[in-house]
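All remarks here apply to the structure that follows.
The values are calculated or read from the model by the stated rules, or taken from the named source; none is laboratory data. Predicted model only: the values in this text are computed from it and were never measured. Cβ atoms come from the backbone with ideal geometry, glycine included; neighbour counts cover every protein chain shown.
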Amino acid sequence: MKKILVLALVAVMMLGVFAVAQAEEPVKVGICIYQFNDNFMTLYREELQKYLEETYGAEVTVVDGKNDQNTQTDQVNSFIAEGVDVLIVNLVQATAASAVTALAQEAGIPIVYINREPSEEDMAAWEGMICYVGADARQSGSMQGQIVYELPDHGDINGNGTVDYVMIQGDMENVDAQYRTEYSIKYLTDNGVEVNKLFEQRGDWMQENGQQLAATALAQFGTEIDVIFCNNDAMALGAYQAITEAGRKMNEDIYLLGVDALDEAVDLIEKGEMTGTVLNDHIGQSHKAADVAIQVANGEPLDAYYWVDYQMITGE
Ligand code: GAL
């Protein structure tokens, strides 16, 4: 009897050792963000880390590129030296993709690019081992234009026959800034609306810059302005402050558009204090980026692109 018990105990112990040896090591993920000081990318990176840890038990490290490509390239090198299984990279400069891919390729570490889309050529450099996860910025631009077009006056709030607009742009390193600028207006002109650009400047996605640029435009053009388009909500929130300070009445004598659907912007829209925004789905994008990062870390090849849709948000 005693012998049987001892044998059983030994068997159980051996099974235990076997199970520990079999238990998978957590996937090590190195995440490079272009800069932590960005409202939208803060929501994105927090969700990305949480989802990777909770869903996959991954070992995640997130670093701040401080809006400097050299800093970020050093961080990529450190992750490679540490031997991460996969990198998720939000480039500072989209044009750095070829250099960053080359570093990772040499070490055999796959990359999921997010938020700042590299060129098609750069995305073809290492098939199955790199991909881009993002949203098509043309869509967000068109949606801003559509929100304005669907207003009863098609955006010509002062009724002078043209939509006189101000464009506050993001950092041109992100193709989102170029496409949103172009496609918001294209939607209007494609639908036969006459437009007139009064003012266009870069606010680099930052609320303070949005406020300052909108204040400058309002001082210069006053009631000539029908619409202020901002490439993102942070800048639109800044523009909102400037509009209020200038004593203008939102949706009565001026319209204001953003992109991202930050909570503060959605609150303003609900109160009729902002015209519209476009949901930049950080949950959908971060989950997709995490899913495909784990997939490639487990040896399954990647598609080149994974797209997540935008969605229009208006008072209705
Ligand atoms: C955009 C987003 C902006 C900013 C930018 C950073 O997609 O709308 O708010 O976060 O990415 O690259």
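Tabulated data
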{"quantity": "Filtered residues of the range 143-166 (kept if surrounded by fewer than 22 Cβ atoms within 10 Å (Cβ to Cβ) and over 23 Å from Q311 (Cα atoms))", "calculated": "D156, N158, G159, N160, G161, T162"}
{"quantity": "So S140, is it surrounded by fewer than 23 Cβ atoms within 10 Å (Cβ to Cβ) and polar (S, T, N, Q)", "calculated": "no"}
{"quantity": "Total residues in the range 239-253, condition more than 16 Å from the ligand (Cβ to nearest atom) and crowded, with 24+ Cβ neighbours inside 10 Å", "calculated": "1"}
{"quantity": "Extreme residue, surrounded by the most Cβ atoms within 10 Å (Cβ to Cβ), among residues of the range 81-113 that are in a loop (DSSP other than H, G, I, E, B) and touching a residue at least 40 places away in the same chain (Cβ under 8 Å)", "calculated": "L91"}
{"quantity": "Answer residue from the range 222-233, given it is more than 16 Å from the ligand (Cβ to nearest atom) and charged (D, E, K, R) and is nearest to the chain's Cα centre (by Cα) among those", "calculated": "D226"}
{"quantity": "Filter result (of a type in the set (D, E, K, R), out of contact with any strand residue (DSSP E or B) (no Cβ under 7 Å at 6 or more places or on another chain) and away from the ligand (no atom under 16 Å from the Cβ)) within the range 132-168", "calculated": "E150, D153"}
{"quantity": "Of residues in the range 288-316 being over 21 Å from M129 (Cβ atoms) and not in a loop (DSSP other than H, G, I, E, B), the one nearest to the chain's Cα centre (by Cα)", "calculated": "Q311"}
{"quantity": "Flag for T181 being of a type in the set (S, T, Y) and in contact (Cβ under 8 Å) with a residue 40 or more places away in the chain", "calculated": "yes"}
{"quantity": "The range 114-168: number of residues that are among the aliphatic types (A, V, I, L, M), part of a helix (DSSP H, G or I) and over 18 Å from N191 (Cα atoms)", "calculated": "2"}
{"quantity": "Of residues in the range 182-194 being surrounded by 20 or more Cβ atoms within 10 Å (Cβ to Cβ) and of a type outside the set (F, W, Y), the one nearest to the ligand (Cβ to nearest atom)", "calculated": "S184"}
{"quantity": "Among (1) in contact (Cβ under 8 Å) with a residue 40 or more places away in the chain; (2) away from the ligand (no atom under 16 Å from the Cβ) - the single one A236 does not satisfy", "calculated": "(2)"}
{"quantity": "Yes/no for Y179 being crowded, with 17+ Cβ neighbours inside 10 Å, within 18 Å of the chain's Cα centre (by Cα) and more than 12 Å from the ligand (Cβ to nearest atom)", "calculated": "no"}
{"quantity": "Meets criteria (touching an Asp or Glu at 6+ places or on another chain (Cβ under 7 Å) and of a type in the set (K, R)) for R116", "calculated": "yes"}
{"quantity": "D171 within 16 Å of the ligand (Cβ to nearest atom) and among the acidic types (D, E)", "calculated": "yes"}
{"quantity": "Residue within the range 20-33 that is at pLDDT 55 or above, within 13 Å of the ligand (Cβ to nearest atom) and closer than 19 Å to D233 by Cβ present", "calculated": "yes"}
{"quantity": "Answer from G222, G238, G284, G247 - the residue that is at pLDDT 95 or above and in a loop (DSSP other than H, G, I, E, B)", "calculated": "G247"}
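Condition check ((1) modelled with pLDDT of 95 or more; (2) touching a Gly at 6+ places or on another chain (Cβ under 6 Å); (3) under 15 Å from C230 (Cα atoms)) across all residues:
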| site | (1), (2), (3) |
| --- | --- |
| D164 | yes, no, yes |
| M167 | yes, no, yes |
| G170 | yes, no, yes |
| L188 | yes, yes, no |
| N196 | yes, no, no |
| G203 | yes, yes, yes |
